[in-house]
Every structure is written in structure tokens, then in C-alpha cells.
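Can you read through this structure? Questions will come right after.
The values are calculated or read from the model by the stated rules, or taken from the named source; none is laboratory data. All of these numbers come straight from a predicted model, not from anything done at the bench. In this analysis, Cβ positions are derived from the backbone assuming ideal geometry, glycine residues included, and neighbour counts consider all displayed protein chains.
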Amino acid sequence: MGDKVIEIEGLKKSFGDNHVLKNINLELNRGKNIAVIGKSGIGKSVLTKCIVRLIQPDEGKVVVLGKEVPLLDIDELDQLRKRVGYLFQGGALYDSMTVRENLEFPIRRTQLSKQNAELKGLVEDALESVGLIDAIDKMPSELSGGMRKRVGLARTLILKPEIILYDEPTTGLDPVTSLGISELIMSVQEKLNNSSIIITHDIKCARITSNEIKLLKDGTFYASGTFEELKKSKEKEISAYFN
């Protein structure tokens with residue numbers, strides 16, 4: 001596979017008569033980011049869920065970090081998921097846990113041998129990296145939408161994933177906070193040299209965070225290219241996103 005960290009060929013997924021993904025091909029190289037754009041409800045999130053098998057694909061090859069995901073048993077899948085961070089749309093924090101406890105959870109679940117002092121250091125480092133150390137003992141209900149996204153990202157980062165899948169990281173946020181989250185995605189990549197797929201409808205986020213943008217339409221990638229390449233397109237289906 002060389003430098004490829006994700007390789008997808010002929011991916012298909014249907015829900016009854018709704019053929020959401022018809023023929024998806026994608027390659028993500030180490031240290032690169034791909035943004036996937038498109039209208040709401042067309043399968044962008046289904047794609048990322050197929051990558052970590054939160055949804056089982058119907059057909060196609062999905063290779064992540066050298067592992068063919070549809071063929072893994074549950075233990076192998078768990079091991080792979082430790083290397084792939086997934087930032088859910090709302091942050092998906094546990095409302096009954098403090099920020100500190102939310103961040104400790106993935107470590108306690110996967111690395112029970114960690115000492116309390118080491119755990120404390122990992123949590124504080126992750127919160128420092130997203131600029132939220134002061135929120136360590138707050139409850140999620142005390143946080144703004146942007147802060148919840150940052151805490152969700154900190155929890156994703158705590159396992160130092162090689163790949164991060166971002167599901168609408170800026171949705172529901174004001175323009176200033178959205179810009180901050182987009183810049184944070186880039187600073188995280190520079191620090192960890194990881195690779196990302198960013199599902200977004202926010203073209204500014206796609207421009208800031210991606211090396212390549214893919215437009216999903218009718219179950220397949222209708223267009224691919226850099227922000228500048230797609231922005232120059234005369235095709236109405238493409239230019240609509242950039243005007």
C-alpha cells in the first residue's frame with residue numbers, strides 16, 4: 001500500500017431501495033486531508049461509518065492501515081479503531097461525566113494499566129492542545145457548541161490516532177468559531193502528522209483543511225480536485241458550492 005492509509009474501491013451501501021453509496025473509490029495518503037462535500041442526506045456520514053465499520057458495507061474493498069475492514073473479526077476491528085479517531089457531529093460527550101472523565105474514558109477502556117498520574121498528564125495535554133484546560137472539571141452542559149466540539153476533538157486525540165474522521169466539525173457554529181475549529185484541525189495534523197477525512201458542507205472549512213476536495217453526488221464522487229481547481233469549474237453542479 002505504500003503511503004496509502006485508506007484505500008476504497010467499488011464501495012456500495014443501500015438501505016432498502018435507497019442506494020446511498022453506488023460506487024465509491026478513494027485513496028488517502030499519509031499526512032494528507034480529503035474533504036468530502038455534498039448536499040445533506042446523501043451519504044457523506046455513511047461513508048465514514050463504513051470506513052470504521054460502524055455500518056457494514058454491502059460491496060467493495062475498504063482497506064485501512066493495511067487491514068481489510070469488512071473481513072476483520074471483532075477483536076481485530078477494536079485494535080484498528082484505536083488507531084482511527086472519529087469525531088462525531090455533536091461531539092458525542094457523555095453528559096453525566098465531567099470533561100476530565102470524558103477524556104479519561106477511552107484510555108480506561110483501552111489501556112487499563114495507565115497510572116493515575118500518567119492519565120492526568122494525557123488528559124491535560126489533550127485539553128491544552130485544543131485550548132480548553134480551564135474546562136477540565138466542567139460538565140458538558142456548561143460548554144458552548146464550539147467548546148463541546150473542542151472537547152470531542154481532545155478526546156479523539158488522546159489515543160494519538162493515525163487517522164481522524166471528522167463528521168461535520170463546524171456544523172451549527174458561528175463563522176468565527178468555525179474558523180477556529182478549521183485551524184485547530186490543521187494544527188492537530190501538523191503536531192501528529194496524521195491523515196484525515198473531513199465530511200463538511202462548509203466550503204471555508206474544506207478550503208482550510210483539505211489537500212483535495214471530493215463532491216459526492218448520486219452515490220459517487222462527481223468531481224475531485226483542489227479547492228482552486230474546483231472553484232474554477234464552469235460546471236453548474238460544481239460551481240454552486242463555490243459561489
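I'm checking my understanding of the structure. Among residues of the stretch 63-79 that are among the aliphatic types (A, V, I, L, M) and assigned to a loop (DSSP other than H, G, I, E, B), which one is farthest from the chain's Cα centre (by Cα)?
Across the stretch 63-79, the extreme among qualifying residues is L72.
Mind listing whichever residues of the stretch 80-95 are modelled with pLDDT of 90 or more and either more than 13 Å from N194 (Cβ to Cβ) or not in a strand (DSSP E or B) (or both)?
L80, R81, R83
Still on this structure: Count, please, the residues in the stretch 38-62 that happen to be of a type in the set (V, I, T), free of Cβ contacts under 8 Å to residues at least 60 places away in the same chain and assigned to a loop (DSSP other than H, G, I, E, B).
Result for the stretch 38-62: 1.
Then there's this: Can you tell me which of (1) in contact with a strand residue (DSSP E or B) (Cβ under 8 Å, 6 or more places away or on another chain); (2) surrounded by 15 or more Cβ atoms within 10 Å (Cβ to Cβ) is the one K49 doesn't meet?
The single condition K49 does not satisfy is (1).
Out of the stretch 164-183, which residues are part of a loop (DSSP other than H, G, I, E, B) and either surrounded by 23 or more Cβ atoms within 10 Å (Cβ to Cβ) or more than 15 Å from the chain's Cα centre (by Cα) (or both)?
Of everything in the stretch 164-183, those that are part of a loop (DSSP other than H, G, I, E, B) and either surrounded by 23 or more Cβ atoms within 10 Å (Cβ to Cβ) or more than 15 Å from the chain's Cα centre (by Cα) (or both) turn out to be P169, T170, G172, L173, D174.
Under 7 Å by Cβ, and 6 or more places apart or on different chains, what pairs join a residue from the stretch 156-183 that is under 12 Å from I208 (Cβ atoms) with one that is of a type in the set (V, I, T) and surrounded by fewer than 21 Cβ atoms within 10 Å (Cβ to Cβ)?
These pairs meet every condition: S182/I208; E183/I208.
Further question on the same structure: Go through the stretch 63-87 and count every residue that is of a type in the set (A, V, I, L, M, F, W, C), farther than 17 Å from K13 by Cβ and either crowded, with 19+ Cβ neighbours inside 10 Å or touching a residue at least 12 places away in the same chain (Cβ under 8 Å) (or both).
Counting residues in the stretch 63-87 that are of a type in the set (A, V, I, L, M, F, W, C), farther than 17 Å from K13 by Cβ and either crowded, with 19+ Cβ neighbours inside 10 Å or touching a residue at least 12 places away in the same chain (Cβ under 8 Å) (or both) gives 6.
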